[in-house]
Amino acid sequence: MRLLTILCSLVLWLGKLGIPATAHQFKVDGKVLELEESNFDSAISFFDYILVDFYAPWCGHCKRLSPQLDEAAPVLAGLKEPVVIAKLNADKFTRLARKYEIDGYPTLKLFMHGVPVDYYGPRKADLLVRYLKKFVAPDVSILSSDSAINDFVEVAGTYFPIYIGFGLNETVISNFAVKYKKKAWFSVAKDFSEDVMVLYDFDKVPALVVLHPSYNQQSIFYGPFEDEFLGDFIEQNFLPLVVPMKHETLKLLKDDNRKIVLTIMEDENEEKSQKLIKLLKAAASANHDLVFGYVGVKQWEEFADTFDGTEKTNLPKMIIWNGDEEYSSVIGSESLDDENQGSQISRFLEGYREGRLEKKRIKGPSFMDFINSLIGIRTVYIIVFLVAMLILIRSLGKDDEPLQVGTRDEVDHAESSMAESSDYRPGEKED
């Protein structure tokens with residue numbers, strides 16, 4: 001009788017902690033879990049690491065992602081620190097979709113000890129596995145040979161910056177490794193040859209080298225290794241010296257409070273653009289309080305046009321962007337000539353430091369972009385169809401009158417009615 005009382009008390013105690021007595025139903029068996037509202041909270045509490053796919057059954061991108069998750073699940077489950085993959089029908093369980101701010105399908109979130117982190121990594125099975133290994137790796141890896149260094153860099157892949165402390169004690173960077181575990185790889189190399197010093201281009205120790213493999217860039221820090229200076233170097237080097245503007249890099253920039261020196265060019269792949277990018281890297285290495293980025297009109301015209309950068313503009317041009325709705329041009333340095341661009345970049349930065357700025361606002365989204373962001377493209381199609389039917393019915397009922405388009409009030413009424421009656425259904429998200 002006393003044992004039964006203890007068991008009942010234990011169940012009540014677990015319930016107060018938010019851990020249901022049915023937690024034993026979850027297993028790390030290499031299969032993708034199908035979650036629902038009744039067991040979602042207990043799942044993310046039960047597993048230390050769980051990647052959740054918020055999907056919709058009608059979403060084509062979701063259907064293509066599903067077999068990749070099925071393939072990755074058993075590999076991740078077999079890690080020393082297993083990562084479980086689960087999925088939730090966010091189109092059905094809309095309360096959870098709203099709670100976790102799901103604005104497109106599929107959306108992936110990694111829950112680490114119950115805390116959600118947006119997943120921006122690759123979605124092919126083998127690359128997804130490599131990416132997620134970062135989150136269960138040691139905070140600081142100890143590398144004791146040249147081959148260990150090479151293996152570490154190979155396993156780390158290209159999706160995070162890699163910090164290697166040559167001749168450093170792990171305690172020097174351990175606090176930063178814990179703080180920034182979600183953003184970078186951290187390691188210290190104990191034993192290495194002169195060949196490694198040549199390979200990573202440092203000539204004395206201790207040295208902290210940061211690599212950006214996907215951009216073929218690196219930076220070196222020789223100290224001082226006090227927390228203030230070391231922390232500044234680590235934080236300022238999460239991004240490469242010069243950042244190509246893409247959807248992925250914009251997501252990374254949202255956590256960086258520095259102003260962005262944005263250079264708009266016609267085609268970033270042209271030889272003259274590559275030369276300009278090298279000059280921007282040199283400027284970035286001397287101005288760590290700023291982020292330097294570039295975009296080609298040919299590569300991303302919509303983004304460039306936001307800052308009045310089109311093929312009709314005198315390009316390349318440089319602006320200062322706050323990462324939000326405002327940007328500034330430097331008076332007298334609106335564009336770059338082909339000659340002596342290094343000096344022109346210096347004058348631009350000098351004008352910025354002196355405050356010779358003309359403030360502007362980025363172009364707002366188009367009407368269709370605004371509507372899409374509010375209610376989704378599917379609802380827009382329905383609205384257009386209903387308005388067309390309304391026009392057709394009116395025209396059939398008035399044979400003796402010319403065809404007339406509905407008034408603005410009628411269209412507004414139709415749109416607001418559809419917005420009120422439609423279910424919560426974010427738009428699809430590109431893979």
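Each reported figure results from applying straightforward, stated rules to the coordinates on display, with no laboratory input. The shown structure was predicted, so the numbers you read here are calculated from the model rather than taken from an experiment. For neighbour counting, all protein chains shown are included, and Cβ atoms are generated from backbone atoms with ideal geometry for every residue, glycine included.
So here's what we get for this one:
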read-out: Burial order of peptide ranges 86-94, 133-141, 249-257 (average beta-carbon count within 10 Å, highest first); value: 86-94, 133-141, 249-257
read-out: Exposure proxy ranking, count of Cβ atoms within 10 Å, fewest first, for LEU79, LEU211; value: LEU79, LEU211
read-out: Residue order, fewest to most surrounding Cβ atoms within 10 angstrom, among ASP191, ASP308; value: ASP191, ASP308
read-out: Computed lengthening from GLU81 to GLU226, 0.36 nm per intervening residue step minus Cα-Cα distance; value: 49.0 nm
read-out: All lysines inside 27 Å of LYS27 as judged from Cα atoms, apart from same-chain residues fewer than 8 positions distant; value: LYS16, LYS63, LYS80, LYS87, LYS92, LYS99, LYS109, LYS124, LYS133, LYS134, LYS181, LYS182
read-out: Under 14 Å, Cα to Cα: Lys pairs in segment 242-361, sequence gap 8 or more or different chains; value: 5
read-out: Sites ARG347 and LEU199 - FRET efficiency at Förster radius 30 Å, r taken between beta-carbons, to 0.05; value: 0.25
read-out: Sorted by Cβ neighbour density within 10 Å, fewest at the top, the residues TRP321, TRP185, TRP300; value: TRP300, TRP321, TRP185
read-out: For segment 242-361: relative contact order, % (alpha-carbon pairs under 8 angstrom, 6 or more apart); value: 27 percent
read-out: Rg(Cα) / (2.2 N^0.38 Å) computed for segment 70-110, rounded to two decimals; value: 1.40
read-out: Segment 138-236: relative contact order in percent, alpha carbon pairs under 8 Å with at least 6 residues between; value: 32 percent
read-out: Estimated translational D of segment 34-182 in µm²/s (Stokes, Kirkwood radius over Cα pairs; 37 °C; 0.692 mPa s); value: 196 µm²/s
